[in-house]
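Novice: Structure in structure tokens, see below.
The values are calculated or read from the model by the stated rules, or taken from the named source; none is laboratory data. Note that the structure is predicted; figures quoted are calculated from it, not measured. Positions of Cβ are generated from backbone atoms using ideal geometry, with glycine treated the same way; all protein chains shown enter the neighbour counts.
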Amino acid sequence: MRQHLLRPCNYKTLETVAVHLAPKTPLLHNSISSSSSLYQPDLNVHNELKTLSATNINHKHLEQQPDFSIGSPCRVQKLIASQSDPLLAKEIFDYACRQPHFRPSSSSFLVLILKLGRSKYFSLIDDLLLSFKSRGYPLSPTVFSYIIKIYGEADLPDKALKTFYTMIEFGCTPSSKQLNRILEILVSHRNFIRPAFDLFKNARHHGVLPNTKSYNILMRVFCWNGDLSIAYTLFNKMFKRDVVPDVESYRILMQGLCRKNQVIGAVDLLEDMLNKGYVPDTLSYATLLNSLCRKKKLREAYKLLCRMKVKGCNPDVAHYNTVITGFCREGRALDACKILEDMQSNRCLPNLVSYQSLTNGLCDQGMFELAKDYVEEMTLKGFCPHFSVIHTLVKGFINVGRIDDSCSVLEDMLKHGKAPHSETWEMIISGVCEVEDTVKLCEILEKILKKDVRRDTRIVEAGSGLGEYLIRKLQASKSRRA
């Protein structure tokens, strides 16, 4: 198979090359002329190819033809770029390199590397690098950047790591950006975390200085793996090596502390961050707010929410929703209502999640009337409540015997074109059937059904409750007659 991929350039290959050099004509014997722009002006390609064909010259003999030149490096690059077959492009490149006094350019090498990489001919890329190294050809850092990218996209961390040392062998010192890209590729594989750490520690000896991003990459992976002590060690070494940490550096450590349930330590780190003049980003605050709420430290969460704006970071709807949900989860829905008011006074508009979290919390505490008010408010603002919110509210009113209010909720829902779930229908029909006043029963049913009901309301499925009611009435009537 390898011999097939590296087949020598023969007459057919040259013929293909010639066709690509003059692509506008369909047939080779009509298309190739000495005036082709990709050949030297004094070269008669057509006659040369005839000679090659007539003598059936072999590859070694071909190299002895001094008059046949494939052209300048720029022309070779254009020819390689025009090939759809990467193997043919490599044959053209190899043939050009065998010509006397021809020195390929880095750009033509890059074009070939990209073609081979897209087709996953990675062994051929290794062969080309070895060939360039043996001939002493230099390569630009850009070429190695693309090679690293190719191996990253192909999920080949070992080859990406090897590329770092290949650059050094070519006398090309890797940049911090290239080091970081290789580290990102390595740490994405659990088995290559240790090699990534070793590369990070040894990079300085090869003239590469890790920057803030380099430290952040390793700190993040160690925090995710629970090695918080190593992450802290890296963070402290940044100051010793005159590397300035950024907001992301602090956030990575805060996330690691919160993941270890050390939320107080994360808050202390935030204070240290603020004292040093950093402005935490929204994600840092979101991490702390979520952890504080889950640890039931609601007072601290609310204080942090209030401090955000003072410290230069305006809380958004996600921050408010986190705290609202935390208060509702702990049975403090009225405090959550206050947070919703603060939210609007700070010109942050509540969204659907805000209202649904609040109404669910109010229903859980039996404050159905207030929950109904918030449902009406959210519908006026164009939000359509989820059927689960309506179901909870209807169920709450029915459980306390407030059938009229439950029917009112359902009526408003139908008015906004929202079909309730079948279980909600069954519940409200069963509740209506419990009413002893037949006149009132008819009024309530008429009030509900006078609205336009779509097919997906599936009201027929709710008939079981009405059927049970009629059966009970029939049995009661028979017993009285007896």
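Novice: Kindly establish whether residue 225 is at pLDDT 95 or above, at negative phi and not aliphatic (A, V, I, L, M). Break it down into steps so the answer makes sense when it comes.
Specialist: Numbers: at pLDDT 95 or above: no; at negative phi: yes; not aliphatic (A, V, I, L, M): yes.
The answer is no for residue 225.
Novice: So, one more: Restricting to the range 384-401, give me the number of residues that are surrounded by fewer than 18 Cβ atoms within 10 Å (Cβ to Cβ) and in a loop (DSSP other than H, G, I, E, B).
Specialist: So the count comes out to 4.
Novice: I would also like to ask the following. Return only the number of the condition from (1) of a type outside the set (Gly, Ala, Ser); (2) surrounded by fewer than 20 Cβ atoms within 10 Å (Cβ to Cβ); (3) assigned to a helix (DSSP H, G or I) that residue 101 does not satisfy.
Specialist: Status for residue 101: all satisfied but (3).
Novice: Evaluate the range 67-87: report whether one residue or more is out of contact with any strand residue (DSSP E or B) (no Cβ under 8 Å at 6 or more places or on another chain) and within 30 Å of residue 188 (Cβ to Cβ). Before the answer, list the steps.
Specialist: The initial filter retains those residues of the range 67-87 that are out of contact with any strand residue (DSSP E or B) (no Cβ under 8 Å at 6 or more places or on another chain), namely 67-87.
Next cut, within 30 Å of residue 188 (Cβ to Cβ) only: 86.
Yes, because at least one residue in the range 67-87 is out of contact with any strand residue (DSSP E or B) (no Cβ under 8 Å at 6 or more places or on another chain) and within 30 Å of residue 188 (Cβ to Cβ).
Novice: Evaluate the following for residue 429: is it at pLDDT below 65 and either under 14 Å from residue 355 (Cβ atoms) or not charged (D, E, K, R) (or both)? Write out each step before concluding.
Specialist: Details: at pLDDT below 65: no; either under 14 Å from residue 355 (Cβ atoms) or not charged (D, E, K, R) (or both): yes.
It is false that residue 429 is at pLDDT below 65 and either under 14 Å from residue 355 (Cβ atoms) or not charged (D, E, K, R) (or both).
Novice: Oh, and also: Considering each of 191, 216, 180 in turn, give the residue that is outside any loop (DSSP other than H, G, I, E, B), among the polar types (S, T, N, Q) and surrounded by fewer than 18 Cβ atoms within 10 Å (Cβ to Cβ).
Specialist: 191
Novice: Next question. Scanning for something among the polar types (S, T, N, Q) and farther than 26 Å from residue 180 by Cα, does the range 135-157 turn up at least one residue?
Specialist: No: the range 135-157 contains no residue that is among the polar types (S, T, N, Q) and farther than 26 Å from residue 180 by Cα.
Novice: Quick check on the range 242-271: of everything there that is in a helix (DSSP H, G or I) and free of Cβ contacts under 8 Å to residues at least 12 places away in the same chain, which residue is nearest to residue 225 (Cα to Cα)?
Specialist: Filtering the range 242-271 for residues that are in a helix (DSSP H, G or I) and free of Cβ contacts under 8 Å to residues at least 12 places away in the same chain, the one nearest to residue 225 (Cα to Cα) comes out as 265.
Novice: All but one of (1) over 31 Å from the mean Cα position of the chain (by Cα); (2) under 22 Å from residue 391 (Cα atoms); (3) not charged (D, E, K, R) hold for residue 344; state the number of the condition that does not hold.
Specialist: (2)
Novice: Then there's this: I need a count of the residues in the range 240-288 that are surrounded by fewer than 16 Cβ atoms within 10 Å (Cβ to Cβ) and among the polar types (S, T, N, Q).
Specialist: Count: 3.
Novice: Confirm whether residue 357 is modelled with pLDDT of 80 or more and within 27 Å of residue 329 (Cα to Cα).
Specialist: Spelling it out, residue 357 is indeed modelled with pLDDT of 80 or more and within 27 Å of residue 329 (Cα to Cα).
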